[in-house]
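Single-structure report; data block below.
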Amino acid sequence: MIALFRTSSVPSLALAASLTLLAAPLTVLAAPPATIRYVHKVEDAPGKTPASRRSGFQQAMAAAFGRQLQRPVKLMPLPRKRMMGVLESAEGDIVCGYSPAWFKGDVDWTRPFIPTSEVLIASRRVPAPTTLEDVRGKTVGTVLGFNYPEVQRRLGAGFVRDDAPSLELTLRKWQGGRFDYFLATGVTVERQFASGELAAGFSQLVISEEKTGCAIARQGTLRVAEVNAAIDAIEKSGELARLLRLR
């Protein structure tokens, strides 16, 4: 009887051990945070200048979002004409430094937080314009595919564009005497003047001032609310002021 009892206890012990293992809590590994795919403009034509290469604003802005959201970041430099398509197809998550009036597409938008201005630059060959209407019917250097809603609204059919693939090539054409006026952002003009690429003697007319934001892919890995919260934190910490000096 004793031998039979000892033999029958072996499967009972094995069964008990199996039940203990089944009852033990399972350790589930958390999925790593999704990478933020940060899209920014790279010129798709020759003519990049030292000033355009030097600006590190977009890279620094991407890193700041990564720190605030505690997620890795992948930079995606693309030609301007491809950026919206990448957001709409959810191949990228975010583009910053634009407004819905300039950068149209099926995306969501954060609150505006990056100050910018649109300026008209005139050469020394012509009198300094005092109003935008002074250049109605005159050729103005512009960037291919870029919208200038305020200029178009005020000049209508009198807005005569001369497009170049990039602002740097627009500047070269202006310097070569192809036209006497071109449109740019104020911060770009400041950078080009400081680097010596834009010589003194030009006149400048501010057309508009506003704040731009970030376009967010609707099917991407980011949501507007969390990006707005990150923007709030970057502003309150004083980091945004430092980032803006990199433009």
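Structure notes:
- In this label model, LYS74 and ARG136 are separated by 5.1 nm, measuring between points 7 Å along each Cα→Cβ vector.
- Net charge over other residues, Cβ less than 14 angstrom from the Cβ of SER123 (K, R count +1; D, E count -1): +3
- In terms of surrounding Cβ atoms within a 10 Å radius of their Cβ, PHE179, PHE65 rank from fewest to most as PHE179, PHE65.
- Calculated FRET value between VAL160 and SER203, using beta carbons and R₀ = 25 Å, to 0.05: 0.85
- Remark on VAL73: its backbone amide H falls under 5 Å from those of ILE36, a criterion applied only to residues 5 or more positions apart or on other chains, H modelled at 1.01 Å from N.
- Total formal charge among the other residues, if their Cβ is under 15 angstrom from that of LYS236, Lys/Arg +1 and Asp/Glu -1: 0
- By average C-beta atoms within 10 angstrom, highest first, the peptides 113-122, 185-194: 113-122, 185-194
- Nonlocal amide H pairs with ILE207, under 5 Å, H built at 1.01 Å: GLU118, VAL119, LEU120
- When region 64-217 is described by a simple charge dipole with +1 on each Lys and Arg Cβ and -1 on each Asp and Glu Cβ, the residue from GLY196, ALA184, LEU167 located farthest towards its positive end is GLY196.
- Given charges at beta-carbon only (K, R positive; D, E negative), |dipole| of region 116-209 in Debye: 280 debye
- Under 5 Å, built H, 5+ apart or other chain: amide partners of THR212: PHE113, ILE114, THR116
- For region 101-106, putting each phi into the Karplus relation 6.51 cos²θ - 1.76 cosθ + 1.60 with θ = phi - 60° gives couplings of 5, 8, 10, 8, x, 8 Hz, in residue order, rounded to whole numbers and with x for Gly and Pro.
- In sequence order, calculated HN-Hα J values of region 72-78 (Karplus, 6.51, -1.76, 1.60; Hz; x Gly/Pro): x, 10, 10, 7, 10, x, 9
- Relative contact order (percent, whole number), region 116-209, Cα cutoff 8 Å, 6+ residue spacing: 49 percent
- Integer Hz, Karplus 6.51/-1.76/1.60 couplings in order for region 138-153, x for Gly and Pro: 9, 6, 10, x, 9, 9, 4, x, 9, 8, 10, x, 5, 5, 5, 5
FYI, it's all coordinate maths here, none of it is from the lab. Keep in mind it's a predicted model, so treat the numbers as computed, not measured. Quick reminder, even Gly has a Cβ in these numbers, built from the backbone with ideal geometry, and neighbours come from all protein chains shown.
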